[in-house]
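Quick notes on the structure that follows.
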Amino acid sequence: MELPERCGASARRLAPSLVPFMLMGLSGCTIARMHSDLQDRQTRIDQKQQQLGELRATQTDLTAESDRLQDDLQRRELDANELRTRLDELVALNEAAQVSSAQQKAQQEERRRQLQDVRRQAHALDQDKTLSDVVKQKKLDELKEKTRALLQILLAG
């Protein structure tokens, strides 16, 4: 690398000794930019880990709530009104479930339809005054069994 003729002799002698300093300065900028990129990536990783932790906590809560609902269904004799309340909670759990594919979305919609159908049947049973208590209880037990099966599907999915 030669300097133009108009530069003085001292500048021509000094120029080669400045090249290492210029290279160090440029590499320092590159290192600083790489460090900044690294910090940005680490921030994004930390945010994603926090989101993952929150999703895991939500999943744990949903599992605990599902277990509680299943225990309630097995332990208690529910009347039609209580069954509808539990079904509403199951619908909310179904809605909270994260889906990532069209097939999972279709399965979630099918579960929602089935839960709403059982809820509608429970409401009709509660409103029907023509049935005896024995018949009502038998039909209510059948609805509870349907609900248990749907709960198992929801927990598996």
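Output the number of residues of the range 87-103 satisfying the condition of being within 30 Å of residue 141 (Cβ to Cβ), in a helix (DSSP H, G or I) and either of a type in the set (A, V, I, L, M, F, W, C) or modelled with pLDDT of 75 or more (or both).
8
Per-residue answers, yes or no, for (1) modelled with pLDDT under 80; (2) open to solvent by 50 Å² or more (accessible area, probe 1.4 Å); (3) of a type outside the set (Phe, Trp, Tyr); (4) outside any loop (DSSP other than H, G, I, E, B):
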{"site": "110", "(1), (2), (3), (4)": "no, yes, yes, yes"}
{"site": "116", "(1), (2), (3), (4)": "no, yes, yes, yes"}
{"site": "119", "(1), (2), (3), (4)": "no, yes, yes, yes"}
{"site": "130", "(1), (2), (3), (4)": "no, yes, yes, no"}
{"site": "135", "(1), (2), (3), (4)": "no, yes, yes, yes"}
{"site": "139", "(1), (2), (3), (4)": "no, yes, yes, yes"}
{"site": "153", "(1), (2), (3), (4)": "yes, yes, yes, yes"}
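Mind telling me which of the residues 62, 55, 38 ends up being modelled with pLDDT of 75 or more, open to solvent by less than 80 Å² (accessible area, probe 1.4 Å) and of a type outside the set (Ser, Thr, Tyr)?
62
The values are calculated or read from the model by the stated rules, or taken from the named source; none is laboratory data. Just so it is clear, the model here is predicted, and its values are computed rather than measured. A quick note on method: Cβ atoms are made from the backbone with ideal geometry, for glycine too, and the neighbour counts reach across all protein chains shown. Accessible surface areas use protein heavy atoms only, side chains included; no ligands, DNA or RNA. Shrake-Rupley method; radii C 1.70, N 1.55, O 1.52, S 1.80 Å.
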